[in-house]
Amino acid sequence: MSFPDSYWDDMYSSKRTGWDIGDISAPLKEYFDQLTSKDLRILIPGAGRAWEAEYLFKSGFKNVFVLDYSSEAIEDFKNRCPEFPSDQIIIGDFFLHNGKYDLIIEQTFFSSLFPAQRKEYARSMCDKLTNNGKLVGLLFNHEFTFEGPPFGGSEKEYVELFTPFFRIEIMEMATNSIKPRSGREFFLLLRKRVVK
């Protein structure tokens, strides 16, 4: 189950992009600002207009990779950040992407997927991380009353979903979300489980 290839381009071209806050989210900015290694290999799947990638790149992180279905969204990013390396921009399917990363950033990608894809999401995230790698980002902490996307979820569901693949180091209410999402999203930091 997935959306037609043109779905996300159509959403961007018709400006139906309520998930896009037009800047880096404060919880992720705060997390990025305390990172000490600029050499981390970082993937941002479902990056959309890639505000997080722009911030990281301009902060000196040069191994940032952007992945999204929508060429429309990526063009906006490239226009804003023309110096970003073109070989670190991937237009395609996250689940078909091969690569290993120290850090993967979650920002509205999870909520854009059908709930039936969530187990595959967790497994794929784990597979794409190096040993000791981390998945860091934001997830909604409630269900929506309308047919998604976005699709919401609960702490109980997330714990059950991620525990086979990750150690949950942080899953708590974000304290500095934008006003419309205040009290409505978790900040999470998950560390890949290494099977010996």
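So R49 fits all but one of (1) part of a loop (DSSP other than H, G, I, E, B); (2) within 21 Å of F94 (Cα to Cα); (3) in contact with a Leu (Cβ under 9 Å, 6 or more places away or on another chain); (4) modelled with pLDDT of 85 or more; what number is the exception?
(3)
Going through H97, H142 one at a time, which residue ends up being of a type outside the set (A, V, I, L, M, F, W, C) and at pLDDT below 95?
None of the other options fit; the residue is H142.
Give the residue that is farthest from I21 (Cα to Cα), with candidates limited to residues of the range 98-147 that are in a helix (DSSP H, G or I) and among the polar types (S, T, N, Q).
S124
Of the residues I89, I105, only one is touching an Asp or Glu at 6+ places or on another chain (Cβ under 6 Å) and surrounded by 13 or more Cβ atoms within 10 Å (Cβ to Cβ); which?
Only one candidate passes the filter, namely I105.
For the range 34-42, indicate whether the set of residues that are closer than 17 Å to Y7 by Cα and either assigned by TED's automatic domain parsing to the domain that holds K179 or of a type outside the set (S, T, N, Q) (or both) is non-empty.
The answer is no, given that none of the residues of the range 34-42 is closer than 17 Å to Y7 by Cα and either assigned by TED's automatic domain parsing to the domain that holds K179 or of a type outside the set (S, T, N, Q) (or both).
Say we look at the range 118-143 and pick out the residues that are over 15 Å from the mean Cα position of the chain (by Cα) and polar (S, T, N, Q); which of these is surrounded by the most Cβ atoms within 10 Å (Cβ to Cβ)?
Result: N141.
With respect to K100, determine if the residue is under 20 Å from F32 (Cα atoms), basic (K, R) and in contact with a strand residue (DSSP E or B) (Cβ under 6 Å, 6 or more places away or on another chain).
It is true that K100 is under 20 Å from F32 (Cα atoms), basic (K, R) and in contact with a strand residue (DSSP E or B) (Cβ under 6 Å, 6 or more places away or on another chain).
Restricting to the range 28-51, count the residues that are of a type in the set (G, A, S) and surrounded by fewer than 18 Cβ atoms within 10 Å (Cβ to Cβ).
1
Please list, ordered by first then second residue, the pairs with beta carbon atoms under 6 Å, 6 or more apart or interchain, first in the range 52-66 and crowded, with 19+ Cβ neighbours inside 10 Å, second assigned to a loop (DSSP other than H, G, I, E, B).
E52/I24; A53/A47; E54/C81; Y55/I24; F57/F84; F61/K38; V66/A47; V66/A50
Six or more apart or on different chains, Cβ atoms under 8 Å: show the pairs whose first residue is in the range 160-178 and farther than 17 Å from N132 by Cβ and whose second is among the polar types (S, T, N, Q) and surrounded by 13 or more Cβ atoms within 10 Å (Cβ to Cβ).
Correct list of pairs: M173/N141; S177/S25; I178/S25.
Considering only the range 66-81, I want to know if a residue exists there that is modelled with pLDDT under 95, in a loop (DSSP other than H, G, I, E, B) and in contact with a helix residue (DSSP H, G or I) (Cβ under 8 Å, 6 or more places away or on another chain).
Taking every residue of the range 66-81 in turn, at least one turns out to be modelled with pLDDT under 95, in a loop (DSSP other than H, G, I, E, B) and in contact with a helix residue (DSSP H, G or I) (Cβ under 8 Å, 6 or more places away or on another chain).
So how many residues does the range 66-100 have that are over 23 Å from Q117 (Cα atoms) and not hydrophobic (A, V, I, L, M, F, W, C)?
Looking only at that region, the number is 12.
The values are calculated or read from the model by the stated rules, or taken from the named source; none is laboratory data. Worth saying up front: this structure is predicted, and the values here are computed from it rather than measured. Cβ atoms come from the backbone with ideal geometry, glycine included; neighbour counts cover every protein chain shown.
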